[in-house]
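The values are calculated or read from the model by the stated rules, or taken from the named source; none is laboratory data. Remember, predicted model here, so these are calculated numbers, not experimental data. Methodologically, a virtual Cβ is constructed for each residue, glycine included, from the backbone with ideal geometry; neighbour enumeration extends over all protein chains shown.
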Amino acid sequence: MKNKRGVSPIVATVLLVAIVIIIAIILWFWYNQFIDEQRAKAESQLAQECSKSEIQISELTCEDLTAGSPSTYRLTMNIANTGGSRISKLIINSRSLTTSQTDEIAKAIQEGTTADITVDINASLVTLIEGIQVIPVVSMGQNLKYCDGQAQESNAPTCV
């Protein structure tokens, strides 16, 4: 009975390192799958929120402030959230025949409410405003989704 030998220390160390590496690989694959599932779930929820978002543009006016420096047009509009989801912010695209300007307005609009929005446009870049596009943005936690499919467009008023 005294002649029994155990596993040598080198073999035991190699086996332990191999077992730890295998466990680490299994955990890594599980974690990546978990994160991918969470990301897909968040994207699906944001897509649902986007499909429920709807805005209406009204009372669009433009004031010519070019007497000051720098040359500026001031667009003022009323945005109504007529959909079923909270809008976290808005993207306003002002375009002329040759150029455009994009502004991000960090103003949340709750369902069923309205907000007055003011955007100053560089008149030297956008010389004659042809149209305005407003894109709602919804959020869940830190995740944002630009709802391009829910964008509303309007002809720009004459700047006076």
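So here's what we get for this one:
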item	result
Test: residue in the range 104-120 that is at pLDDT below 90, surrounded by 14 or more Cβ atoms within 10 Å (Cβ to Cβ) and either touching a Gly at 6+ places or on another chain (Cβ under 6 Å) or polar (S, T, N, Q) (or both)	no
Of residues in the range 7-62 being surrounded by 15 or more Cβ atoms within 10 Å (Cβ to Cβ) and aliphatic (A, V, I, L, M), the one farthest from residue 129 (Cα to Cα)	42
In the range 121-160, residue surrounded by the fewest Cβ atoms within 10 Å (Cβ to Cβ) [restricted to those that are of a type in the set (Gly, Ala, Ser) and more than 13 Å from residue 83 (Cβ to Cβ)]	141
Residue within the range 95-102 that is among the charged types (D, E, K, R), under 23 Å from residue 155 (Cβ atoms) and touching a Lys or Arg at 6+ places or on another chain (Cβ under 7 Å) present	no
Residues of the range 79-88 satisfying the condition of being surrounded by 18 or more Cβ atoms within 10 Å (Cβ to Cβ) and either on the phi > 0 side of the Ramachandran plot or not polar (S, T, N, Q) (or both)	79, 83, 86, 87
Yes/no for residue 61 being over 22 Å from the mean Cα position of the chain (by Cα) and assigned to a loop (DSSP other than H, G, I, E, B)	no
Selected residue (criterion: modelled with the highest pLDDT) from residues of the range 65-78 that are surrounded by fewer than 14 Cβ atoms within 10 Å (Cβ to Cβ) and of a type outside the set (A, V, I, L, M, F, W, C)	66
